[in-house]
Amino acid sequence: MWLRQIAREGANASACMNVVGHTSNSGPAAANDALSLKRAALIRQRLVAEVPALGPKTKATGMGFHQNIVGSGTDDSFDVLDRRVEFKIIPCA
């Protein structure tokens, strides 16, 4: 439901969107970088499936664990906020 609403609003906006994936601070950095990019790419793919016009207006980026909110690295429920996707509005190039 939320992705459908974000896709519709994004299609009507004059700006573009960066879908940014994040991970917790557990595991190797390279694995977290890849996982965060896959997380963002999947959400972007679902947005574009809802509204194909979003394709050129969106991009997926992975940040790994470099922008953690909690960052405890305990790999439990405390780190759940670090495993997220954010939608950042950016100017269209």
### Message
Step by step: first the residues of segment 7-30, then only those that are at pLDDT 95 or above and not in a loop (DSSP other than H, G, I, E, B), then the one that is surrounded by the fewest Cβ atoms within 10 Å (Cβ to Cβ). Which residue is that?
### Response
A30
### Task
Sort out which residues of segment 58-67 are modelled with pLDDT of 95 or more and assigned to a loop (DSSP other than H, G, I, E, B), and write them in order of number.
M63
### Task
Looking only at segment 68-80, decide whether some residue is of a type in the set (F, W, Y) and outside any helix (DSSP H, G or I).
no
### Message
Just checking, does segment 41-48 include any residue being in contact (Cβ under 8 Å) with a residue 40 or more places away in the chain, touching a Ser or Thr at 6+ places or on another chain (Cβ under 8 Å) and more than 15 Å from G10 (Cα to Cα)?
### Response
no
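Does T61 qualify as being in contact (Cβ under 8 Å) with a residue 40 or more places away in the chain and under 12 Å from the mean Cα position of the chain (by Cα)?
Judged against the criteria, T61 is a match.
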### Task
Determine whether A53 is open to solvent by 40 Å² or more (accessible area, probe 1.4 Å), in contact with a strand residue (DSSP E or B) (Cβ under 9 Å, 6 or more places away or on another chain) and over 23 Å from F78 (Cα atoms).
no
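If I ask for residues that are over 15 Å from R39 (Cβ atoms) and either assigned to a strand (DSSP E or B) or touching a helix residue (DSSP H, G or I) at 6+ places or on another chain (Cβ under 8 Å) (or both), which ones from segment 81-93 would you list?
Step one: of segment 81-93, the residues over 15 Å from R39 (Cβ atoms) are 89-93.
Answer for segment 81-93, where residues must be over 15 Å from R39 (Cβ atoms) and either assigned to a strand (DSSP E or B) or touching a helix residue (DSSP H, G or I) at 6+ places or on another chain (Cβ under 8 Å) (or both): I89, I90, C92.
The values are calculated or read from the model by the stated rules, or taken from the named source; none is laboratory data. Note that the coordinates shown come from a computational prediction; the quantities given were computed from them, not determined experimentally. Because the Cβ atoms are built from the backbone with ideal geometry, glycine has one as well, and the counts that use them run over all protein chains shown. Please note that ligands, DNA and RNA were not included when accessible areas were found on the heavy atoms of the full protein model with its side chains. Shrake-Rupley method; radii C 1.70, N 1.55, O 1.52, S 1.80 Å.
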